[in-house]
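J.: Please find one structure pasted underneath; my questions will follow.
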């Protein structure tokens, strides 16, 4: 892709966390990639968001098309029903599915107002519960602020004041008692804290995975924000992740990166 960097931080976090979702590790000392490391629904729907933004198509169509193309990737039960419904309607979800897929919005929009509006649009086709919308908006806003060279302290202040998330905890505080929580309110703040404490992209993902719980999604959210802030994802991680993606996911990811990668 010449000198245009890949926008792959969220997808990479998903792939790295994929093997630890049901086999949690409570340490940052773990292998980043194993033979079975793969993309899950987080990656599929993140790329679907990229595609929708590139083609200016509606989110519902993009999500249904991509999810049908890649079944069995860990979608929630209500989302699976929605994919195949003859009359797909939002189902008032507060799950973190709205946040895991939204990071491209933070790259594509040019001001914070547009980020919040577009994040809501992407969420509410399924996750129209206020917490589902809030999780998507907080994640996309964090990505937008990070890529625009906002300090961590300013990002923390904005997210805390706007979304009332408690970001005053540490990973050390969270890790011992944390367990699987698929809600936005129980996983998005933790992912943001992993980013805030990190020293680089890899460290953010390791911290996210280390708390346990919904590891691939928490790492996906943290990874998307960290990439925007640190302006890069390490080359060896990009190579490993791209080798695990089929062409139909790589192609829109590359096209989105060509369009917006200069913003890294």
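The values are calculated or read from the model by the stated rules, or taken from the named source; none is laboratory data. Just so you know, these numbers come straight off a predicted model, no measurement behind them. Because the Cβ atoms are built from the backbone with ideal geometry, glycine has one as well, and the counts that use them run over all protein chains shown.
J.: Would you mention how many residues in the stretch 177-189 are part of a loop (DSSP other than H, G, I, E, B) and surrounded by fewer than 24 Cβ atoms within 10 Å (Cβ to Cβ)? Before the answer, list the steps.
T.: Step one: of the stretch 177-189, the residues part of a loop (DSSP other than H, G, I, E, B) are 178-182, 184-187.
Adding the requirement that they be surrounded by fewer than 24 Cβ atoms within 10 Å (Cβ to Cβ) leaves 178-182, 185-186.
Going through the stretch 177-189 one residue at a time, the tally reaches 7.
J.: Another question, if that's okay. Got a number for residues in the stretch 197-230 being in a helix (DSSP H, G or I) and farther than 12 Å from residue 9 by Cβ?
T.: Residues meeting the conditions: 10.
J.: Ok, one more. Can you tell me which condition residue 19 does not meet? The list is (1) closer than 24 Å to residue 131 by Cα; (2) in a helix (DSSP H, G or I), and all the others hold.
T.: The failed condition is (1).
J.: Please specify each residue of the stretch 122-144 satisfying the condition of being surrounded by fewer than 24 Cβ atoms within 10 Å (Cβ to Cβ) and either part of a loop (DSSP other than H, G, I, E, B) or without any contact (Cβ under 8 Å) to a residue 40 or more places away in the chain (or both).
T.: Within the stretch 122-144, 124, 125, 128, 129, 130, 133 qualify.
J.: Got at least one residue in the stretch 228-236 being free of Cβ contacts under 8 Å to residues at least 12 places away in the same chain and under 19 Å from residue 39 (Cα atoms)?
T.: So far as the stretch 228-236 goes, yes, one or more of its residues are free of Cβ contacts under 8 Å to residues at least 12 places away in the same chain and under 19 Å from residue 39 (Cα atoms).
J.: Of all the residues that make up the stretch 190-200, how many are surrounded by fewer than 24 Cβ atoms within 10 Å (Cβ to Cβ) and either in contact with a helix residue (DSSP H, G or I) (Cβ under 8 Å, 6 or more places away or on another chain) or within 17 Å of residue 137 (Cβ to Cβ) (or both)? Step through it out loud before you land on a result.
T.: In the first step, residues of the stretch 190-200 are kept if they are surrounded by fewer than 24 Cβ atoms within 10 Å (Cβ to Cβ); the result is 196-200.
Next cut, either in contact with a helix residue (DSSP H, G or I) (Cβ under 8 Å, 6 or more places away or on another chain) or within 17 Å of residue 137 (Cβ to Cβ) (or both) only: 196-198, 200.
Total satisfying the criteria: 4.
J.: Within the set of pairs 6+ apart or on separate chains, which have a first residue in the stretch 197-215 that is touching a residue at least 60 places away in the same chain (Cβ under 8 Å) and at positive phi, a second that is in a loop (DSSP other than H, G, I, E, B) and buried (at least 22 other Cβ atoms within 10 Å of the Cβ), and C-beta atoms under 8 Å apart?
T.: Cβ pairs passing all conditions: 213/187.
J.: Here's a follow-up. So, residue 63, is that one touching a helix residue (DSSP H, G or I) at 6+ places or on another chain (Cβ under 8 Å) and assigned to a loop (DSSP other than H, G, I, E, B) or not?
T.: When the stated conditions are applied, residue 63 does not pass them.
J.: For the list (1) within 28 Å of residue 76 (Cα to Cα); (2) touching a helix residue (DSSP H, G or I) at 6+ places or on another chain (Cβ under 6 Å); (3) crowded, with 24+ Cβ neighbours inside 10 Å, I need the number of the one condition that residue 249 fails.
T.: Answer for residue 249: the failing condition is (3).
J.: Is it true that some residue in the stretch 87-107 is touching a strand residue (DSSP E or B) at 6+ places or on another chain (Cβ under 8 Å) and crowded, with 21+ Cβ neighbours inside 10 Å? Break it down into steps so the answer makes sense when it comes.
T.: First, the residues of the stretch 87-107 that are touching a strand residue (DSSP E or B) at 6+ places or on another chain (Cβ under 8 Å): 94-96.
Within this subset, residues satisfying the condition of being crowded, with 21+ Cβ neighbours inside 10 Å are 95-96.
Yes, because at least one residue in the stretch 87-107 is touching a strand residue (DSSP E or B) at 6+ places or on another chain (Cβ under 8 Å) and crowded, with 21+ Cβ neighbours inside 10 Å.
J.: Would you point out the residue of the stretch 72-88, among those that are touching a helix residue (DSSP H, G or I) at 6+ places or on another chain (Cβ under 8 Å) and assigned to a loop (DSSP other than H, G, I, E, B), that is nearest to residue 44 (Cα to Cα)?
T.: It comes out as 73.
J.: Let me ask another. Quick one: is residue 7 buried (at least 20 other Cβ atoms within 10 Å of the Cβ), assigned to a helix (DSSP H, G or I), at pLDDT 95 or above and touching a helix residue (DSSP H, G or I) at 6+ places or on another chain (Cβ under 7 Å)?
T.: Judged against the criteria, residue 7 is not a match.
J.: Here's a follow-up. Residues in the stretch 227-241 that are buried (at least 17 other Cβ atoms within 10 Å of the Cβ) and out of contact with any helix residue (DSSP H, G or I) (no Cβ under 6 Å at 6 or more places or on another chain): how many? Please lay out each step first, then the result.
T.: Going residue by residue through the stretch 227-241, those that are buried (at least 17 other Cβ atoms within 10 Å of the Cβ) are 227-230, 233, 237-238, 241.
Still in the running and out of contact with any helix residue (DSSP H, G or I) (no Cβ under 6 Å at 6 or more places or on another chain): 238.
Adding up the residues that qualify gives 1.
J.: Would you mind stating whether residue 216 is at pLDDT 95 or above, surrounded by fewer than 18 Cβ atoms within 10 Å (Cβ to Cβ) and out of contact with any strand residue (DSSP E or B) (no Cβ under 9 Å at 6 or more places or on another chain)?
T.: no
J.: Can you pull out every residue in the stretch 14-63 that is at pLDDT below 95 and crowded, with 17+ Cβ neighbours inside 10 Å?
T.: 21, the sole residue that qualifies.
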